[in-house]
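First up is the structure itself, then whatever we jot down about it.
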Amino acid sequence: MEYEYVNKSEYRPMREELEQIINRVHKYMRKHHDTTFQHRLIGSGKRHLITRIKGGNTGYDFDYNLIVEAPIGFKWKEKVLKQHFMEAFAEAIKGTAYSNPKDSTSAITIKVVDQKNSKILRSCDFAIVYYEDNEESNGYYCLKNLKGQNRYVFEYRNLSHNIDGKLGDILYYSDGWAEIKKEYLKLKCRNKDENKRSYSIYLEAVNNVHNRLPEDD
């Protein structure tokens, strides 16, 4: 598949709408479930690397992490927590073009679909995560739906070590960001894993470009 970048002027209003939806989720979760969280745009959306398949019918997507408190001294009831967020999103998207939220394997997914042409115009994945001891490190726990086993678990995921430091090294060179964009688009075109989130591809692109940097004398 061949991907292309989406112009910022096109996707900016859609990102603003998503922020409004998330704010309604915040209010719902506080009011109905006494639950607070932080949200963070990650991956391609954060770095303005929004892509879509040329001439395809899947549109473009965003990725957010919904960061809950670490279960210190107690254990999350994973299935209940996922259900609460599903309820909140179902309420928050009312009046928008988004279809009902889907309980995906590692996220809650909402989509805008052109019913006439069965074309996905845009979508967004919301992963529910927490950091151990509420402190960011090189990994986090992500709520996962083990559909074959009919249960939910928080699964640990490693992040690339010192990704911000590597990015800084790359940006030291005048064409550093151009190299990341080129590598990211190449990896998107080669990716065959439908469950691989854009954030993982971005991390891989940064690592690949960093590994090609010239060594200091």
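The values are calculated or read from the model by the stated rules, or taken from the named source; none is laboratory data. The model shown is predicted, which means the values in this text are computed figures rather than measured ones. Here Cβ is always computed from backbone atoms with ideal geometry, including for glycine, and neighbour counts include all displayed protein chains.
Within region 111-139, track down each residue that is touching a residue at least 60 places away in the same chain (Cβ under 8 Å) and either in a strand (DSSP E or B) or in contact with a Leu (Cβ under 6 Å, 6 or more places away or on another chain) (or both).
Hits for region 111-139 are Lys119, Ile120, Leu121, Arg122, Ser123, Cys124, Asp125, Phe126, Ala127, Ile128, Val129, Tyr130.
Please work out which one of (1) in contact with a Cys (Cβ under 7 Å, 6 or more places away or on another chain); (2) surrounded by 16 or more Cβ atoms within 10 Å (Cβ to Cβ) is the condition Asp125 fails and give its number.
Only one criterion is unmet by Asp125, namely (1).
Here is a yes/no grid of residues against (1) within 21 Å of Asp61 (Cβ to Cβ); (2) assigned to a loop (DSSP other than H, G, I, E, B); (3) modelled with pLDDT of 90 or more:
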residue	(1), (2), (3)
Leu167	no, no, no
Glu179	no, no, yes
Glu183	yes, no, yes
Lys186	yes, no, yes
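Which number in (1) touching a residue at least 12 places away in the same chain (Cβ under 8 Å); (2) surrounded by 15 or more Cβ atoms within 10 Å (Cβ to Cβ) marks the one condition that Leu213 misses?
(2)
Can you report the number of residues in region 98-110 which are over 19 Å from Lys31 (Cβ atoms) and either assigned to a strand (DSSP E or B) or not assigned by TED's automatic domain parsing to the domain that holds Gly56 (or both)? Walk me through it before giving the result.
Our first condition is that a residue be over 19 Å from Lys31 (Cβ atoms); within region 98-110, this holds for 98-100, 102-107, 109-110.
Keeping just the survivors that are either assigned to a strand (DSSP E or B) or not assigned by TED's automatic domain parsing to the domain that holds Gly56 (or both) gives 102-103, 109-110.
Total meeting the criteria: 4.
Here's a check for you: in region 128-157, which residue that is of a type in the set (A, V, I, L, M, F, W, C) and within 18 Å of Gln38 (Cα to Cα) is surrounded by the fewest Cβ atoms within 10 Å (Cβ to Cβ)?
Filtering region 128-157 for residues that are of a type in the set (A, V, I, L, M, F, W, C) and within 18 Å of Gln38 (Cα to Cα), the one surrounded by the fewest Cβ atoms within 10 Å (Cβ to Cβ) comes out as Cys142.
Output the residue which, of all residues in region 188-201 that are assigned to a loop (DSSP other than H, G, I, E, B) and surrounded by fewer than 15 Cβ atoms within 10 Å (Cβ to Cβ), is farthest from the chain's Cα centre (by Cα).
First pass over region 188-201, keeping only residues assigned to a loop (DSSP other than H, G, I, E, B): 191-197.
Those left that are additionally surrounded by fewer than 15 Cβ atoms within 10 Å (Cβ to Cβ): 192-196.
Details: Lys192: 18, Asp193: 15, Glu194: 14, Asn195: 11, Lys196: 10 Å.
Among residues in region 188-201 that are assigned to a loop (DSSP other than H, G, I, E, B) and surrounded by fewer than 15 Cβ atoms within 10 Å (Cβ to Cβ), the one farthest from the chain's Cα centre (by Cα) is Lys192.
Would you check which residues across region 53-105 are in contact with an Asp or Glu (Cβ under 8 Å, 6 or more places away or on another chain) and within 25 Å of Glu16 (Cα to Cα) and list them?
Scanning region 53-105 gives Ile53, Lys54, Asp61, Phe62, Asp63, Tyr64, Lys82, Met86, Thr96, Ser104.
Can you name the residue in region 2-30 that is more than 14 Å from Tyr98 (Cβ to Cβ) and among the hydrophobic types (A, V, I, L, M, F, W, C) and is also surrounded by the fewest Cβ atoms within 10 Å (Cβ to Cβ) among such residues?
So, considering only residues that are more than 14 Å from Tyr98 (Cβ to Cβ) and among the hydrophobic types (A, V, I, L, M, F, W, C), the one surrounded by the fewest Cβ atoms within 10 Å (Cβ to Cβ) is Val6.
Can you list residue pairs whose Cβ atoms sit under 8 Å apart, with the first residue in region 140-160 being in the same structural domain as Tyr199 (by TED's automatic domain parsing) and farther than 15 Å from Gln83 by Cβ and the second being surrounded by fewer than 14 Cβ atoms within 10 Å (Cβ to Cβ) and of a type in the set (Val, Ile, Thr)? Count only pairs 6 or more apart in sequence or on different chains.
none
Inspect region 21-44 for any residue being free of Cβ contacts under 8 Å to residues at least 40 places away in the same chain and either assigned by TED's automatic domain parsing to the domain that holds Glu179 or of a type in the set (Gly, Ala, Ser) (or both) and give the result as yes or no.
Scanning region 21-44 turns up no residue that is free of Cβ contacts under 8 Å to residues at least 40 places away in the same chain and either assigned by TED's automatic domain parsing to the domain that holds Glu179 or of a type in the set (Gly, Ala, Ser) (or both).
Step by step: first the residues of region 1-50, then only those that are more than 22 Å from Ile180 (Cα to Cα) and of a type in the set (A, V, I, L, M, F, W, C), then the one that is modelled with the lowest pLDDT. Which residue is that?
Within region 1-50, the match that is modelled with the lowest pLDDT is Met14.
Could you look through region 188-209, keep only residues that are touching a helix residue (DSSP H, G or I) at 6+ places or on another chain (Cβ under 8 Å) and hydrophobic (A, V, I, L, M, F, W, C), and pick out the one that is farthest from Gly59 (Cα to Cα)?
Looking at the filtered set, the residue picked out is Val209.
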